[in-house]
Amino acid sequence: MLQTLATMGQGFLHALTPINLIMMIAGVALGIVIGCMPGLSAAMGVALMLPLTFTMQQDTALIVLGAIYCGAIFGGSISAILIHTPGTPASAATAIEGYEMTKRGQAGKALFTACYASFWGGLLSCISLYFFAPLLAELTLKFQSAEYFWLSIFGLTIIAGVAGKSLLKGLMSGALGLLLSTIGSDPGSGIPRFMLFGNSYFYDGINVTCALIGLFSMSQVFILAEKKIKERAQASKVTDKMSLTREERKTIRPTILRSWIIGNLIGILPGAGASIACFLGYNTSKQFSKHKEMFGKGSIEGVAGSEAANNAVTGGSLIPTLTLGIPGESVTAILMGGLIMKGLQPGRMLFNEENAIVTYTFFAGFVLVQFFMLGIGLLGCRGFAQISRLSDAILIPCVTVLCVVGSYAINRLPEDVIVMLVFGVLGYLMRKLDLNTAAIVLALILGPIGEKNLQNAMIISDGSPKILFSSVICWVLIALCVVGILSPIFMAKMEKKAETDAVADTNVDIEKLTEEDLV
């Protein structure tokens, strides 16, 4: 226990080094810019910046990616409040009350509420990250090859099922990712498999980072390019003070606490994501409010409920990612790719003597990022509001250049650029068919892990499949796999109910908002 506390203290000291503090500020600012521009997303921003972290230290690289993640989730609320266009799906519910407050001349109060609630939602989520992550990592000490095989299957079922609202489409996405993960050498024997045209470039498999950039960033370029370029709405001016009275802060405290719990639980549940959490947080704030008549007319409780919940997802989603290797959502799937790229394997290895300093430095950086998000958000909201009007005609070529340069910079190979473009087209087609791109990424990462552990289990048992059902943990994971496959039905109903309740007694058409404005 004392050793762990000492390591946590060292982590904070490492996080406070000048380079880490500078990268936190830069990451948060960049994340807010990405988040407040409609059409971009947190996943896209993290994927684009991943190649830039290659030359950084392990802890600095993770802090940058975490800062972009947190900044982007909050940034979506700025455009949601000022131009009624959520920058990310996570801020869709914020637009309901936030824009109503803007129309009443309370844009400053709405922005302050969003920033204040985002700060506390994110900061409180760090508590569960510190508390639960080491405990869950300890559990993985009991995992052997059979358990890791079922864990990889569970990861595939949950992300393929929950993120895609159609069970069939979710499973199809996961199966396609598994098929692509077999390209390269066999993890056990080293025999080449499906080497396209005998090209030795694919001996180590598909470059996951190039695939990430293509699926999440280049595909978005294609989506934006096929639409008619149109000018963004003029951002409303902030004429009032960006502050809340003591009584108003007291009013939203219970809302923030409830939304923190909701967002944390949604984040820990792999595949659910911030877009569901924001509606559940908003709906709960309405149910418990003493001023229900204000909802639909500009309620600070509604803004606080949405923003505290979606930011609480950030810390919660890191727990299964870091301890079990099961990302909570698409952004943490990319973060897990960054972990592996830096030679860090999710699980108990992150908390051993060799890697614990890096892990706790990242945790400490994640705490400090919340404070930078609060400061930068309050100081720069007016400027970020103007950035949100940036035309797609400028965004498309800029993102394209970043995709090409970023993928080439990985190994300085033209083949990496080709792979990125191929996955960009694949991601575009999948999004058109409502398939799940995150499932492909997860399959590319978990597929080889599951295959290798299955081979090891068969070798240990002399080919007997009984070893796959030999422990209580195996049966628990099998049960979780079944839950993961069936979860789309439950999650779809929960999200639909949350959206329906959110727009009750209001004049906001959420379906039109999410379909037309969130791209």
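The values are calculated or read from the model by the stated rules, or taken from the named source; none is laboratory data. The shown structure was predicted, so the numbers you read here are calculated from the model rather than taken from an experiment. Cβ sites come from the backbone with ideal geometry, for glycine too, and all protein chains shown count toward neighbours.
A few comments on the model shown:
- Segment 102-118, subset over 23 Å from the mean Cα position of the chain (by Cα) and in a helix (DSSP H, G or I), residue farthest from V303 (Cα to Cα): K103
- Of all residues in segment 320-329, one or more are under 18 Å from G31 (Cβ atoms), of a type outside the set (G, A, S) and at pLDDT 80 or above.
- Single residue of segment 170-207 satisfying the filter (closer than 17 Å to Q455 by Cβ and in contact with a Pro (Cβ under 9 Å, 6 or more places away or on another chain)) that is modelled with the lowest pLDDT: P187
- L136 modelled with pLDDT under 85 and in contact with a Pro (Cβ under 9 Å, 6 or more places away or on another chain): yes
Listed here are the residues, each with its yes/no results for (1) farther than 25 Å from E301 by Cβ; (2) out of contact with any Pro (no Cβ under 8 Å at 6 or more places or on another chain).
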residue: L5; (1), (2): yes, yes
residue: I25; (1), (2): yes, yes
residue: T55; (1), (2): yes, yes
residue: G66; (1), (2): yes, yes
residue: A72; (1), (2): no, yes
residue: A90; (1), (2): no, yes
residue: A95; (1), (2): no, no
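- Residues located in segment 108-122, provided they are closer than 14 Å to I262 by Cα and not polar (S, T, N, Q): A117, W120, G121, G122
- Qualifying positions in segment 182-217 - small (G, A, S) and under 26 Å from L402 (Cβ atoms): G205, A211, G214, S217
- Matching option when the condition is free of Cβ contacts under 8 Å to residues at least 24 places away in the same chain and either within 18 Å of L178 (Cα to Cα) or not in a helix (DSSP H, G or I) (or both), among G427, G463, G447: G463
Residues are listed down the side, and each one gets a yes or a no for (1) buried (at least 20 other Cβ atoms within 10 Å of the Cβ); (2) within 15 Å of the chain's Cα centre (by Cα); (3) not polar (S, T, N, Q):
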residue: Q10; (1), (2), (3): no, no, no
residue: M24; (1), (2), (3): yes, no, yes
residue: V33; (1), (2), (3): yes, no, yes
residue: M37; (1), (2), (3): yes, no, yes
residue: L40; (1), (2), (3): yes, yes, yes
residue: G66; (1), (2), (3): yes, yes, yes
residue: I73; (1), (2), (3): yes, yes, yes
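- So L167, is it in contact with a helix residue (DSSP H, G or I) (Cβ under 8 Å, 6 or more places away or on another chain), crowded, with 24+ Cβ neighbours inside 10 Å and modelled with pLDDT under 85: no
- Scan of segment 73-104 for residues that are farther than 13 Å from E307 by Cβ and touching a strand residue (DSSP E or B) at 6+ places or on another chain (Cβ under 9 Å), ordered by number: S79, I83, T85
- Considering segment 12-22, and only residues there that are assigned to a helix (DSSP H, G or I) and not aromatic (F, W, Y), the residue that is surrounded by the fewest Cβ atoms within 10 Å (Cβ to Cβ) turns out to be P18.
- A single entry from L139, L82, L111, L62 fulfils the requirement of being under 30 Å from V472 (Cβ atoms) and among the aliphatic types (A, V, I, L, M): L139.
- Every test in (1) of a type in the set (F, W, Y); (2) farther than 30 Å from E301 by Cα; (3) surrounded by fewer than 22 Cβ atoms within 10 Å (Cβ to Cβ) is passed by F131 save one, and that test is (2).
- Of all residues in segment 226-241, none are within 24 Å of E451 (Cα to Cα) and either at pLDDT below 75 or of a type outside the set (F, W, Y) (or both).
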